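First the structure, in the form of structure tokens, and then the observations on it.
A short reminder: the numbers here are calculations on the coordinates, not readings from a lab. Just so it is clear, the structure is predicted and the values come from calculations on it, not from any experiment. Cβ placement follows ideal geometry from the backbone for every residue including glycine, while neighbour counts extend to all protein chains displayed.
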Amino acid sequence: MEENRRLVRRYYQEVLNARDEEILIELLAPDFRSWFGDFEVDATGYRAAVHRSLQTFGDLKVEILDQVAEGDLVANGKFVEHWEELDTARLPHPPS
């Protein structure tokens, strides 16, 4: 479980906060899947979504306040901060 916690912390600290997208290649398993509601993405789609998020939210910072792990699942209590004013009509949306 501790290894899973470290993996998740690396994602927030190195990918989102330090903006090193290349770390995702190391962190995501070849069979990685994530869901945004009913929309499923693989590792390539997830890397693209992270790239768009980092481009859109230039001052994004994430702080993990609490972390719980059970088996291979990790849940985080986190604080997310960004201050951009966005034109939400121009944000990328998953295909329907």
For the stretch 52-66, in residue order, the Karplus 3J(HN,Hα) values (coefficients 6.51, -1.76, 1.60; θ = phi - 60°; whole Hz; Gly and Pro = x) are 4, 5, 5, 5, 6, 10, x, 10, 4, 9, 10, 10, 7, 8, 7
Final fewest-first order of Thr56, Thr44 on the 10 Å Cβ neighbour count is Thr44, Thr56
Applied in sequence order to the stretch 34-43, the curve 6.51 cos²θ - 1.76 cosθ + 1.60 (Karplus, θ = phi - 60°) yields integer Hz couplings, x standing for Gly and Pro, of 9, 10, 10, x, 8, 8, 9, 10, 8, 4
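If r is the Cβ-Cβ distance from Arg19 to Leu73 and R0 is 25 Å, what FRET efficiency results, to the nearest 0.05? Can you show the working numbers first?
On the way: r = 26 Å, r/R0 = 1.05.
Efficiency computed from Cβ-Cβ geometry: 0.40.
For the stretch 2-85, compute the orientation-averaged projected area of the C-alpha convex hull (one quarter of its surface), in nm².
Numbers: hull surface 24.0 nm².
Computed as one quarter of the Cα hull surface, the answer is 6.0 nm².
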